[in-house]
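What follows is a short report on a single structure.
The values are calculated or read from the model by the stated rules, or taken from the named source; none is laboratory data. These numbers come from a predicted model, not from an experiment. Here Cβ is always computed from backbone atoms with ideal geometry, including for glycine, and neighbour counts include all displayed protein chains. Ligands, DNA and RNA are excluded from the accessible area calculation, which covers all protein heavy atoms including side chains. Shrake-Rupley method; radii C 1.70, N 1.55, O 1.52, S 1.80 Å.
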Amino acid sequence: MRTLSIVAFILAALVGLPAQAADYPDKPITVIVPFPPGGSSDVTARLVSKKMAERVGQSVVIENKGGANGSIGATAMKQAKPDGYTILIGSIGVFAINPALFKDLRYDPMQDFDLLSVAVRTPNVLVANPNFPANTVAELVDYLKKNPNKVTFASSGTGSSDHLTAALFLQKTGTTGTHVPYKGGGPAINDLIAGHANVSFQNLGAIAPHVKSGKLKALGVTSGQRNPTLPDVPTMAEGGVKDLEVYSWQAAAAPKGLPPAVRAKLEAELAASAQAPDIKPQFEAIGFEVVATNGEQFKKFLTDEIARWKNVIDTGKITAE
């Protein structure tokens, strides 16, 4: 009887042990996307998850949980069990901007998350309505100086990458403009095309077709080098604005406390999935560069990004709306 009790105790203890890489995963994985379907985070999650499901032999289920610039979904992920079966794929806003933008944020990405990988990145492009008088970055700066607070900068929302890139641009050039936030990049781009807004910094993939069709004109790109998607568009540095290299990026994280072996496997599988020969070209076709960092690289990168955008937010006295 005593032997049976000991065996039962050992079995119960084994059941409670965290999963190890050898048997992980043995059930479906949930990927929380903290935004509605169709955006960059959603596209990234679906491309990576499809390949990861093939590689690990388990279903990977997408759960869109939007709201508050991604903070609702990020908070839900923080509260999940740290067993590797719930992860989050979200944007620069979720990881690097929200900590400075929201004073009552219910998560701290550096303290509450196991950072897994920066999957992809894309530069922003400074675009304008074709009828707007400025055709270059230098001409826009000159126009802004002559017309303070007259030029409207459309964005996909307060605290978005495109909003803060515009704020940084104004700070670097010593100019002023009027921020007009929309509920997403799509509405902002539509109003820009219609002439209801003047200029905007938008993700490369979102505006490239409109630039190529002539519906928008591109003044500059925020990457370090010219981008092959729009090879004739100069960088911001070439346009005369230094230190304005900005990328909008998508990354993966899990609740703090993953078993080390599970964390290592997740890092490896996420990176391999993003870099897969049939997935990487799909990212490149929509303007994304595959980065696929590991967790330690992500941690160092995020430390710098949080500090950078906190300075922009504090300097511009930007508050959540």
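What the table shows:
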item: Leading residue by the ranking (most open to solvent (accessible area, probe 1.4 Å)) among those in region 111-143 that are over 16 Å from the mean Cα position of the chain (by Cα) and under 23 Å from residue 79 (Cβ atoms); result: 111
item: Residue that is open to solvent by 70 Å² or more (accessible area, probe 1.4 Å) and either at pLDDT 95 or above or on the phi < 0 side of the Ramachandran plot (or both), where the choices are 58, 79; result: 79
item: So residue 117, is it over 26 Å from residue 230 (Cα atoms) and either at pLDDT below 95 or in contact with a Leu (Cβ under 6 Å, 6 or more places away or on another chain) (or both); result: yes
item: Among (1) assigned to a helix (DSSP H, G or I); (2) touching a strand residue (DSSP E or B) at 6+ places or on another chain (Cβ under 9 Å); (3) within 18 Å of residue 55 (Cβ to Cβ) - the single one residue 302 does not satisfy; result: (3)
item: Residue selected from region 98-110 under the condition in a loop (DSSP other than H, G, I, E, B) and not aliphatic (A, V, I, L, M), by the criterion surrounded by the most Cβ atoms within 10 Å (Cβ to Cβ); result: 107
item: Selection count, region 268-314, where residues are open to solvent by 80 Å² or more (accessible area, probe 1.4 Å) and more than 30 Å from residue 210 (Cα to Cα); result: 7
item: Contacts under 6 angstrom Cβ, first residue in region 298-321 being within 13 Å of residue 179 (Cβ to Cβ), partner of a type in the set (S, T, N, Q) and modelled with pLDDT under 95, 6 or more apart; result: 321/158
item: Boolean, residue 258 is over 25 Å from residue 126 (Cα atoms), part of a helix (DSSP H, G or I) and open to solvent by less than 30 Å² (accessible area, probe 1.4 Å); result: no
item: Test: residue in region 27-43 that is assigned to a helix (DSSP H, G or I), open to solvent by 30 Å² or more (accessible area, probe 1.4 Å) and closer than 14 Å to residue 250 by Cα; result: yes
item: Filtered residues of region 192-229 (kept if within 20 Å of residue 120 (Cα to Cα), modelled with pLDDT of 95 or more and of a type in the set (A, V, I, L, M, F, W, C)); result: 201, 221
item: Filter result (over 26 Å from residue 282 (Cβ atoms) and either open to solvent by 30 Å² or more (accessible area, probe 1.4 Å) or out of contact with any helix residue (DSSP H, G or I) (no Cβ under 8 Å at 6 or more places or on another chain) (or both)) within region 194-210; result: 194, 195, 196, 198
item: Unique match (being in a helix (DSSP H, G or I), more than 30 Å from residue 178 (Cα to Cα) and in contact with a strand residue (DSSP E or B) (Cβ under 6 Å, 6 or more places away or on another chain)) among 271, 264; result: 271
item: Among (1) surrounded by fewer than 16 Cβ atoms within 10 Å (Cβ to Cβ); (2) touching a strand residue (DSSP E or B) at 6+ places or on another chain (Cβ under 9 Å); (3) of a type outside the set (D, E, K, R); (4) touching a residue at least 40 places away in the same chain (Cβ under 8 Å), the one test that residue 225 misses; result: (4)
item: Test set (1) aromatic (Phe, Trp, Tyr); (2) at pLDDT 95 or above; (3) not in a helix (DSSP H, G or I) - residue 95 fails condition number; result: (3)
item: Among the candidates 124, 135, residue that is closer than 15 Å to residue 249 by Cβ and in contact with a Leu (Cβ under 8 Å, 6 or more places away or on another chain); result: 124
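Condition check ((1) open to solvent by less than 30 Å² (accessible area, probe 1.4 Å); (2) among the hydrophobic types (A, V, I, L, M, F, W, C)) across all residues:
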| site | (1), (2) |
| --- | --- |
| 145 | no, no |
| 151 | yes, yes |
| 155 | yes, no |
| 159 | yes, no |
| 167 | yes, yes |
| 172 | no, no |
| 176 | no, no |
| 181 | no, no |
| 186 | no, no |
